[in-house]
Amino acid sequence: MGILQYLLPKDRKFFPLFKQATENLVKGSKLLVELVNAPVEKRRDLIKEIEHVEHTGDNITHMIFNELGRNFITPFDREDIHALTSSIDDVLDLIQGSAKRIELYKVTVISEPMILLSDIILKGAVELNVAVLNLEGMKRIDEIKSACVRINSLENNADDVFNLAIARLFDEEKDAIQLIKTKEILQALETATDKCEDAANVIESIIIKYA
């Protein structure tokens, strides 16, 4: 581990921003879970909160990209920083997009698969936060790897939930418009889990390069 102290530059800018990004993602994920379990009359306020969190995430992303432009020395490869930041931002964008569709499509009953996928997104966000917090100094490699493995497992679970939900949707839903609305929401939620896995894959790549 000693050689890592030479390979990884001391950093006081990127890691605090990474922490802000993943903690903000966890906050947005918790709001999503609250949203899909809330009565209709409480959804609008929760959607506004999710939109605020998404805007905060955009600002953090811009700050990280600005630091990339200003700093010649970075804690790890610039393309990895860009890819990790973009993936985290994508998850939050999809959370906000899912919430907005629930509102715009006037969804009254949230289906069980939507609730399950939202739970998976939150679990993935929590694991991603664990992995990112342990990236600084690479002191807990095993914890980072375990978090990434759990994220991959969660994404596989999300695929199963999504595929079964779509199969049932096409089998049982006779209203074509309702089918399209439901499918779009499910697709956005499932894609959020894909983006979480993308972030985990970037972290695994960083570990391979530096650990």
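In nm, give the distance between the simple-model label positions of residue 67 and residue 44, each being 7 Å from the Cα along the Cα-to-Cβ direction.
Going from the residue 67 label point to the residue 44 one covers 3.9 nm.
Under 8 Å for C-alpha pairs, at least 6 residues apart: give me the relative contact order for the stretch 16-79, rounded to a whole percent.
Working: 28 pairs, mean separation 24.8, N = 64.
Over the stretch 16-79, the number comes to 39 percent.
Please compute the contact order of the stretch 126-197 in relative form: average sequence separation of alpha-carbon pairs under 8 Å and at least six residues apart, divided by the residue count, as a percent. Present the calculation step by step, with values, prior to reporting the outcome.
Working: 42 pairs, mean separation 23.0, N = 72.
Over the stretch 126-197, the number comes to 32 percent.
Return a whole-number percent for the relative contact order of the chain, with Cα pairs under 8 Å and 6 or more residues apart as the contact set.
Values: 247 pairs, mean separation 64.3, N = 211.
After rounding, I find 30 percent.
Between 104, 135, 68, where does the largest GNM mean-square fluctuation fall for the chain, given springs only between Cα atoms within less than 10 Å?
The residue with the greatest mean-square fluctuation here is 104.
Can you divide the C-alpha Rg of the stretch 97-195 by 2.2 N^0.38 Å and report the result to two decimal places?
Details: Rg = 16.1 Å, N = 99, 2.2 N^0.38 = 12.6 Å.
Rg over 2.2 N^0.38 Å, computed on Cα atoms: 1.28.
When mean projected area of the Cα convex hull in nm² is calculated directly from the model, which label among [x] 14.3; [y] 11.5; [z] 13.6 fits?
From the options [x] 14.3; [y] 11.5; [z] 13.6, the structure gives [y].
In a GNM of the chain with a 10 Å cut-off on Cα contacts, which of 44, 168, 150 has the highest mean-square fluctuation?
168
How large is the helix-only mean residue ellipticity at 222 nm for the chain, computed as the sum of -39500 (n - 2.57) over DSSP H runs with n ≥ 4, divided by its residue count, in deg cm²/dmol to the nearest 500?
On the way: 7 runs with 174 residues, N = 211.
Taken over the chain, the calculation gives -29000 deg cm²/dmol.
On the protein heavy atoms, probe 1.4 angstrom, tell me the percent of accessible surface of the stretch 1-138 carried by carbon and sulfur.
Values: 3810 of 6820 Å².
Roughly 56 percent, rounded to a whole number.
The values are calculated or read from the model by the stated rules, or taken from the named source; none is laboratory data. Predicted, not measured: the structure shown is a model, and the values here were computed from it. Note: ideal-geometry Cβ built from the backbone for every residue, glycine included; neighbour counts use all protein chains shown. Just the protein is used for accessible areas: all its heavy atoms, side chains included, with ligands, DNA and RNA removed. Shrake-Rupley method; radii C 1.70, N 1.55, O 1.52, S 1.80 Å.
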